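Inspection log for the structure reproduced underneath, given as structure tokens.
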Amino acid sequence: MDDFFTMKEFAEAADFIRSRTQYTPTVALILGSGLSPLADAVADADVIPYGEIPHFPIPHVEGHAGRLVVGRLEDRDVLVMQGRAHYYEGYSMQHITLPVRVMRMLGVETLIVTNAAGGLDPRFHPGDLMLITDHINLIGMAGLNPLRGPNDPALGPRFPDMSQAYDPALRALALRVAERLDLPLWEGVYICLAGPTFETPADIRFLRLIGANAVGMSTVPEVIVARHGGMRVLGISGISNVAITEPVEGKVVSHEEVLQAGQVLVPRLISLLRGILREMDSV
Ligand code: HPA
């Protein structure tokens with residue numbers, strides 16, 4: 001059997017973080033590709049590089065700072081993951097989701113996940129935001145589920161429900177805040193692929209056919225672990241590029257394009273997130 005992480009490793013990481021900050025956040029944010037500057041909005045922050053935290057997976061791709069930023073945002077304590085590690089980097093599914101277990105141990109009750117995603121829905125443009133209503137765990141269906149392995153009932157049930165993975169009340173709040181800010185916010189289904197290759201035109205046609213609106217290489221494993229642990233989840237995709245459905249000479253998707261879109265996405269996302277954080281306690 002593979003090696004799996006246990007309560008011992010999660011507790012070692014949590015204890016280390018507790019030794020480095022006085023804050024007691026109940027809300028955590030994970031920032032996707034190119035969205036690291038969002039963490040600059042956190043005031044009076046304690047910054048902890050992932051490399052110093054026992055067992056934490058370290059991202060090695062550009063656009064992922066790899067630091068925990070714990071501080072104040074909109075009058076509350078928040079824990080922000082400035083970048084995340086991905087499965088395609090070589091980490092196991094359990095390893096990339098270890099930070100979510102650690103958050104839970106630290107008392108985090110609500111997880112806000114963000115990502116940069118490719119737009120599959122023909123209405124989407126780069127720079128748009130999409131509220132995640134549901135996901136398709138394509139790689140999980142093929143066996144890559146972060147909950148594979150022994151189940152510790154102290155962490156969550158063996159067979160967790162996923163019928164409302166993205167909290168309906170938080171989604172409704174996000175829509176209300178977006179409307180008030182006059183900020184367009186699409187709603188749709190996110191599909192997770194392993195990467196690191198971008199999709200072929202045939203992949204894209206398939207993904208559209210099965211009901212996905214945006215595609216990326218993250219988020220779903222983290223959401224599964226968060227739900228397993230009983231956390232509320234809100235997910236927002238920043239559309240960084242739109243899918244290529246037919247081969248066109250000279251037209252490609254690149255990581256640079258994904259990172260560049262972050263510059264447009266960050267100010268939009270930060271105003272939406274600030275509005276959500278302000279009113280979160282009422283839903
Ligand atoms: N495909 C997969 N993942 C992505 C994309 C994409 O087009 N853009 C950003 N992450």
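The values are calculated or read from the model by the stated rules, or taken from the named source; none is laboratory data. From a predicted model like this one, the values you see are computed outputs, not experimental measurements. Reconstructed Cβ throughout: ideal geometry from the backbone, glycine too, with neighbour counts over all protein chains shown. What goes into the accessible areas is simple: the full protein's heavy atoms, side chains included, and nothing from ligands, DNA or RNA. Shrake-Rupley method; radii C 1.70, N 1.55, O 1.52, S 1.80 Å.
Within region 200-237, the set of residues being among the small types (Gly, Ala, Ser) and in contact (Cβ under 8 Å) with a residue 40 or more places away in the chain comprises GLY211, ALA212, ALA214, GLY216, SER218, ALA226, GLY229, GLY230, GLY235, SER237.
Scanning region 88-116 for residues that are of a type in the set (Phe, Trp, Tyr) and either more than 27 Å from ASP128 (Cα to Cα) or crowded, with 23+ Cβ neighbours inside 10 Å (or both) returns a single hit, TYR91. If the condition is being surrounded by fewer than 24 Cβ atoms within 10 Å (Cβ to Cβ) and away from the ligand (no atom under 16 Å from the Cβ), then region 210-226 contributes only GLY211.
Here the condition is being under 30 Å from PRO201 (Cα atoms), modelled with pLDDT of 95 or more and of a type in the set (A, V, I, L, M, F, W, C); of MET141, MET130, MET103, it holds for MET130 alone. Looking only at region 243-258, filter to residues that are within 10 Å of the ligand (Cβ to nearest atom) and open to solvent by 30 Å² or more (accessible area, probe 1.4 Å); which one of those is nearest to the chain's Cα centre (by Cα)? It comes out as HIS255. PRO150 passes every criterion in (1) modelled with pLDDT of 95 or more; (2) open to solvent by 70 Å² or more (accessible area, probe 1.4 Å); (3) assigned to a loop (DSSP other than H, G, I, E, B) apart from (1). Looking only at residues in region 1-21 that are outside any helix (DSSP H, G or I) and at pLDDT below 95, the one that is surrounded by the fewest Cβ atoms within 10 Å (Cβ to Cβ) is MET1. Does GLY119 satisfy the criteria of being touching a His at 6+ places or on another chain (Cβ under 9 Å) and not basic (Lys, Arg)? For GLY119, the condition - touching a His at 6+ places or on another chain (Cβ under 9 Å) and not basic (Lys, Arg) - is met.
For every residue, the table says whether it meets (1) more than 14 Å from the ligand (Cβ to nearest atom); (2) of a type in the set (S, T, N, Q); (3) within 22 Å of VAL233 (Cβ to Cβ).
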site	(1), (2), (3)
THR26	yes, yes, yes
GLU52	yes, no, no
PRO57	yes, no, yes
LEU79	yes, no, yes
LEU111	yes, no, yes
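Before we move on, is SER240 more than 19 Å from ASN137 (Cβ to Cβ), open to solvent by 10 Å² or more (accessible area, probe 1.4 Å), of a type in the set (S, T, N, Q) and within 11 Å of the ligand (Cβ to nearest atom)? For SER240, the condition - more than 19 Å from ASN137 (Cβ to Cβ), open to solvent by 10 Å² or more (accessible area, probe 1.4 Å), of a type in the set (S, T, N, Q) and within 11 Å of the ligand (Cβ to nearest atom) - is not met. For the residues ARG180, ARG171, the requirement of being within 30 Å of LEU147 (Cβ to Cβ), touching a residue at least 24 places away in the same chain (Cβ under 8 Å) and open to solvent by 30 Å² or more (accessible area, probe 1.4 Å) singles out ARG171. Among the residues here, GLY235 does not qualify as within 16 Å of the ligand (Cβ to nearest atom) and part of a helix (DSSP H, G or I).
Filtering region 153-194 down to residues that are among the aromatic types (Phe, Trp, Tyr) and in a strand (DSSP E or B), which residue is farthest from GLY140 (Cα to Cα)? Result: TRP186.
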